[in-house]
1. Fully extended, how many nm does the chain gain between Asp92 and Thr798 (0.36 nm per residue separation, minus their Cα-Cα distance)?
2. Provide, as a two-decimal number, the C-alpha radius of gyration of the stretch 509-553 over 2.2 N^0.38 Å, N being how many residues it has.
3. What is the magnitude of the charge dipole of the chain about its Cα centre, with +1 placed on the Cβ of each Lys and Arg, -1 on the Cβ of each Asp and Glu, and no other charges, expressed in debye to the nearest 20?
4. Pop out the ³J(HN,Hα) list for the stretch 774-791 in order, Karplus 6.51 cos²θ - 1.76 cosθ + 1.60 with θ = phi - 60°, rounded to Hz; leave Gly and Pro as x.
5. Give me the percent of Cα-Cα pairs in the stretch 512-603 that sit more than 23 Å apart, rounded to a whole number.
6. Among residues other than Thr31 whose Cβ falls under 12 Å from its Cβ, what is the net charge (Lys/Arg +1, Asp/Glu -1)?
7. With every protein chain present, what is the per residue accessible area of the stretch 525-650 (1.4 Å probe, Å²)?
8. Considering only protein heavy atoms, what per residue accessible area in square angstrom results for the stretch 251-292 with a 1.4 angstrom probe?
Amino acid sequence: MGTEVKERLRLYSEYIVNILRPTYVLGSMNTWMSKSAIEQVRAEELRGPIAAAKMFVDKLIELDTDGWYQGFIDVLHREGYSGLAEALQKADFSSIQSLEEPRKRLCVINSTVKSNIRTEEIIMDLTDCLLRQEVEEIVETSRQKGSMAGAQKLIECLLRSDKMQWPKVFTVALEKGEYEEVLDVWICDKAHPSKKDEPVKESGEENSVFTVHFTEQPTIDNNFQPAFATQSHGNEATSTQLMGATRRSIKDFELRSYQEELAQPAYNGKNTIICAPTGSGKTFVALSICDHHLKSLPKGQKGKVVFMATKVPVYEQQKRIFYEYFENTEYKVEGFSGEENENVPVGMKIEDSDIIILTPQILVNCLTDGSVPSLSIFTLLIFDECHNTIGHHPYNVLMFQYLDLKIGCPGEKLPQIIGLTASVGTGKSRSMMDAVIYISKLCANLDIEEISTVKKNVEELERVVYKPEKCIRETRQREQDPFAEVIRKIMAEIEQMAKSVFPHIETMSNIQNRQYGTKQYEQWIVSTQKACYTLQLEDKIKESHICSALFTYTEHLRKFNDALIINDDARTKDALEFLENFFSNIRNGTFTETEQELAKKFEAELPLLIEIAKDNENPKLDELQFILLESYQENPETRTLLFVNTRALVAALNKWIIETPELSFLRPEILIGRSKRQDKIGRGRAKDSKCFLVTSKKEQATRERNNLLCETLMNEAVVQVQKQDKKYFLEQSLRFQKDEKKQRDFLKNFKPRELSEENKRLLCLKCKTFACNTDDIRVIQVSHHTVISEDFKDRYFTKPHSNPRTFNGFKKQHKIYCKNTKCGEDWGISGTYLQFQDIPLLKIEKFVVENADGSQKYFNKWVKVNFKMKEFNLEEIQASFSANSE
C-alpha cells in the first residue's frame, strides 16, 4: 500500500501542487511529519505556494510512518480540501480536471474581474467554495490594500479551489451583484444573453438621470400583494411581493378586489392574458388561479400545471413561492431551469408532479426529445411575461405545438392558457389599426379568449400601484469640454498601443463606428474581449501574452469610457477622482508592466486634468438641483430616487449631493443592484409622485416622448380589442392561427441555410491539437455527433464515467479527453450504440473549427455550425468500430 500511494502522489502531484496551500495543513501533520520538515516547507512558502506545495509532496513521499497517508486524507477533509481528498481516495481526478476550463477562463479575464468587482460585496456569497483561511485573507487584503488587491487575492484562491461548484457559485454571485461587465466575458458565448449583445444605435445612448418624487410615504400593510413599484426598466417581475410574504406565511394571503377581478375569466376556464402594471401582484393572481384550477377539476381527473418564467432569477423566485404555498398539500411541486444537471430525468419528474416551474426552453427540449410526449398531458400552462410569445421565442415554439394539436387534432384535450404581462406591447405599430392587429395576433399566438384588465376596481389598483406623472426636461450641453478632449486623446493612444500588440484588433468586433463615452463603446470592449477566446496563434506563449495585454488595454479603456459618462452626467472632478482611485487601486495589486505603462500615460496628463477639473459646471446638475429644491420646498416630506446606469455615476451623484450645501439636507443613501434595493424600492410610486428624465440630447427626449405615445396607443388598442364582438374575435384568431400554421408548414419544406461542403478541421479548444476532419463527423439521432475516422481514437484517452447510463439507445461508459499530455481537455463521452462499442460523442463547445485559410471560429452548439454533416450509417462505420461482444 505504501508504494502504491506514493506512486499515486507522484502521478497526481501536479494537481496537488496547484490546489494545496501547505501552510493550511502543516499544523495538523506533526503526527507523521518531522518538525524540521514542517519548518522547511513553511520557509519555502516565502517563494510562493507552488514551491511550498512541491516540497510538501516530496516530504510526504519520504514518509514511512504507519497511517500517514490516511492521516493526510483525514487532514485534507478536516481543513476543507474535500475535492482533493476524494480525488486522491478514488485515484480519479477527472472532476478536478473538468475545472481546468473555468480556471483558464478566469486567468484570461483576470483584469476584467479585478477592475470591476467589489470584494466586500461578493465575498460572503463565495464562502462555500473557499476555505475559511482564504476568506479571512481576502477580507484583510481588501481592508488594507483596497478592493482591487482583494479581488486579485480572490482570483488566486478560486484558481486553487477544488470545489466543483465554484464556477456556478461565482456566476450566481456575479448575477446577484449585477456585475454585467464581468458576466459578459465570464459566461461568454454560453446560453446567457448579454444586455450588451443588444444592438445600440451608432449615435450611442446617454446615461441620463431619472428622478422619482414621492410626496407621501406609504406604509406596508399585512396583505401579501401590496404591489410595491420597482421603477425597473422593462417588464421584470418584482420581488417585493415575496418580501412581504416572508413576514407571514404565503398560505395566508388573500387577493385584493382588483386581483380577483383579474383572475375571474381564468376561474371560468377561459384562456386569458392578465395585463396589469408591474408590482400589482400578478404572481399571486397566478397562484390563486393555479389553486382554483386544481381544486375545480371534475372528480377523478388529475391536474398538471406548468408555470414558465423566461429569466432564471424570476424562475427561482416563483419556484419558492409555489413551493411554500403548496407545501404539505396533496400537490407535488417541482422546478427546473437550464442549470439542471444532465442526470436529472426531467421528463419523468414532470410526469410525477402536479405543478412544474421551469424556463420554457426546458419544456421545448423535453417535447423535442420525446421525454414529454405532448402538451396535452398538461391541464394549465401559465406564461410569465407572455408578451414574448412572438417569432421563435421558446414560448411561441411551445404554442406552435399547441396550435398544431388544436388545428390538426380537433378532439385532442388541450391545456388552459394563462398569460401574465405588464405590457402586451404594440410592436412597430404607428396607428391604432396596426396596434389592434398586433395585439390580436399575440392573442392568437396564445389562443387567448379574453384580455383581463382592471376596470371595476381601478381606484384600489391606483392606491396600491400609483403610476407617476412623467416629465421630460431638456438641458443645454457644456459649451466646452476640455476634460473629454484629453480623455479621448488618451483612449486613442491606448487603442494604438493595443494595435501594436495585435494589429488585427479591429477585426475582432463587428462594432466599428463607436464613439467614446457611450454604451456602444462599452459593447465594443465586451465583443473584443470575447473574441480573445478564439484568438489562435502557433506560439502559445505569445498568444497568452496578447490576450492578457488586450484584456488590460480594454479594461483601462472601459474605465476611461466610464469617466466620460460621469463627466457627462456629473461633475468633472468626480470623473477625475474616479480615474485617480482606479490607478491607485491598481498600484496596490499586481501592477503589471502593461499597467505601469498605462499609469504613466495617465500621470503625464494629470496636472492638466486637475486644472480642468476646477471648473465643475454641468447644466444637467443645475437642472437636477432646481427640480429637487422645488419639490422639497413644495413638500418637505418628499422622497426621491435617482436612477442611473453605472455604479460609478451613482457614487459621483451621491458625492455631489453631499458636497452641495443647498442639497446636503437630503442625506442620500446608495442602492446598487436590484437585489440590494428591494427593501427600499417598496416605497415607490406613492400618490402624486413624479418621474423626471433629465437629458441634454434632443434625440433622447424625442425617443422618450414617443415611448409615452406608444404606451397610450397600447392602452387604447387593448380597450378596442376587448370591445370586439367575441365571435368575430375568436374567428379572427383562428384565421391568424391557420395562416401561421400554413406558413410554418411551408418553411418546413423550404431550403435550409447554406452550409459549407468544404472539409474543415476540429481543433482542441484548449491546446489547438488537431482532433478530426468535419468530413468524418456523423450525426446520430439528430442531436449526437460521432467521428468515424479510425485515427481519431489515437487522439484521445478515456476514463470510466462516474455515472454510466443509457439514453436514446446509447450506453454511456467513458469520458474522453485530449491526449496531449499538457492538455487533457474534456472532449465528450464514449460508449456502446447498437452492436458497436467505444463510439465517441463529441461536445462541439470543446473545439474550434479551422477553415482551409487558417481562420478559426467557435460554436457553442451543434445547431450553429457552418458545415454540412452526414447521417450515421451502419455500413460505413464497421471499419471504425468493433462489434459489441456482449
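The values are calculated or read from the model by the stated rules, or taken from the named source; none is laboratory data. This structure is a prediction, so every number in the text was calculated from the model and none was measured. When we count neighbours, we look across all protein chains shown, and the Cβ atoms used for this are built from the backbone with ideal geometry, even at glycine. Areas reflect the complete protein model, heavy atoms only, side chains present, ligands, DNA and RNA absent. Shrake-Rupley method; radii C 1.70, N 1.55, O 1.52, S 1.80 Å.
1. 253.0 nm
2. 1.29
3. Here the size comes out at about 1300 debye.
4. Per residue, the Karplus-derived 3J(HN,Hα) values read 5, 5, 9, 8, 10, 9, 10, 6, 6, 10, 10, 9, 10, 10, 9, 5, 5, 6 Hz.
5. 33 percent
6. Charge balance in the 12 Å sphere: -1.
7. Per residue, the stretch 525-650 has 42 Å² of solvent-accessible surface.
8. Roughly 28 Å² per residue, with all protein chains present.
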